[in-house]
Amino acid sequence: MDFLNKTVVVTGGASGIGKTICDEFRKNGANVCIIDLRENDYFVGDIADVNTLRAFAEKVINDYGSIDYLINNAMLSKGGIMNCSYDDFNYVLRVGVTAPFMLSKLFLYHFNKGACIVNISSTRAQMSQPNTESYTAAKGAISALTHSLAISLAGKVRVNSISPGWIDTDFKVYEGPDADQHPVRRVGNPLDIANMVLYLCSDKAGFITGQDFCIDGGMTKQMIYHNDFGWTLTI
């Protein structure tokens, strides 16, 4: 896929899945604009702060004039019902939901023809472990924001989301039960997500909008009962 001279914005692009997304876009000729709390080569800042978002968007437009792709990837967790405070819960929502909305709004009149937004959601938007409410609520919200934006921006920007399952950001190769529990018999890595991001931004995905793509090695399609196929429950 050719993204020569296309401009892509990636939140949380300094590490993990975000870094791999940036690397793949660069390999294919794109101008990559990162915003992250971690050190990077473009913009260091906290996307939970609206003034930071405004300053970042202004820099991108001053540097490139317009953008082609917005990848809302940055996220964190502050735990859940047992330990997450009011302020912490709202901070997670600002990072995971409010910032993607605000960046979409700030770039609204600067998207080029054929533009695309890709939001990184999670399988946790549909399923949970205990004490994960801050993260899970934000991921559920970004999935809903995706189809809402797709309708609001119809004819101007395609908007889709990706819901990763278990992705090892260090590219560790697992063996045994960790791998074998997945129907594809392996744990995911950041390229599994980056490849889909680039596909959704390409012309090949021109008829796709408002959709969420689950990339989890089949785990969420696997029906599990106690003592069935070796699965056991211990409480």
* Going by how many other beta carbons lie within 10 Å of each one, how would you line up 226, 182, fewest first? -> 226, 182
* **3J(HN,Hα) from dihedral phi, the range 28-45, Karplus parametrisation 6.51/-1.76/1.60, rounded to Hz, x for glycine, proline** => 9, x, 7, 7, 10, 10, 9, 10, 7, 5, 7, 4, 7, 8, 10, 8, 9, x
* Structure fact -> the chain: relative contact order from alpha carbon pairs under 8 Å, six or more residues apart, as a whole percent, is 19 percent
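Rank by packing, highest mean first: peptides 202-212, 122-132, with packing defined as the count of other Cβ atoms within 10 Å averaged across residues.
Values: 202-212: 13.8, 122-132: 15.8.
The most tightly packed comes first, giving 122-132, 202-212.
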* Structure fact -> Long-range amide H partners of residue 117, meaning residues 5 or more apart or on another chain whose placed amide H is closer than 5 Å, are 70, 158, 159, 160
* Output the peptides 77-90, 33-46 sorted from most to least packed, where packing is the average of other Cβ atoms within 10 Å over each peptide's residues. => 33-46, 77-90
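Too long at a 24 Å Cα-Cα cut-off: which of 27/78; 105/139; 78/221; 19/172? The partial results should precede the final answer.
Numbers: 27/78 34 Å; 105/139 19 Å; 78/221 28 Å; 19/172 16 Å.
Table pairs above 24 Å Cα-Cα are 27/78; 78/221.
How much net charge surrounds residue 190 when only the other residues with a Cβ under 12 Å from the Cβ of residue 190 are counted, with Lys and Arg +1 and Asp and Glu -1?
On the way: positive: 19, 172; negative: 23, 24, 168, 170, 192.
Computed value for this residue: -3.
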* Structure fact -> Percent of all Cα-Cα pairs per 5 Å bin for the range 86-164, counting from 0 up to the last occupied bin, reads 3, 16, 26, 22, 16, 10, 5, 2, 0
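Using helices alone, what [θ] at 222 nm do you get for the chain, with -39,500 (n - 2.57) per DSSP H run of 4 or more residues, divided over all residues and rounded to the nearest 500?
Details: 7 runs with 79 residues, N = 235.
Result for the chain: -10500 deg cm²/dmol, rounded to the nearest 500.
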* Structure fact -> Of every Cα-Cα pair in the range 7-221, the percentage lying beyond 32 Å is 13 percent
* Asked: If you take every DSSP beta bridge whose two residues both sit in the chain, what share of them, in percent to the nearest 5, is antiparallel?
  -> 5 percent
* To do: Compute the Rg to Rh ratio over the range 108-208 from the alpha carbon atoms, using the Kirkwood formula for Rh, and round to two decimal places.
  => 1.04
* To do: Scan around residue 216 for amide H atoms under 5 Å from its own, H built in the peptide plane at 1.01 Å from N, and keep only partners 5 or more places away or cross-chain.
  => 165
* Would you give the gap between the C-alpha center of the range 89-131 and the C-alpha center of the range 1-54, rounded to a whole Å? => 14 Å
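The numbers here are math on the coordinates, done by the rules we state, and not lab data. Given the structure is predicted, the values throughout are model-derived calculations rather than measurements. No Cβ is skipped: glycine too gets one built from the backbone with ideal geometry, and neighbour counts run over all protein chains shown.
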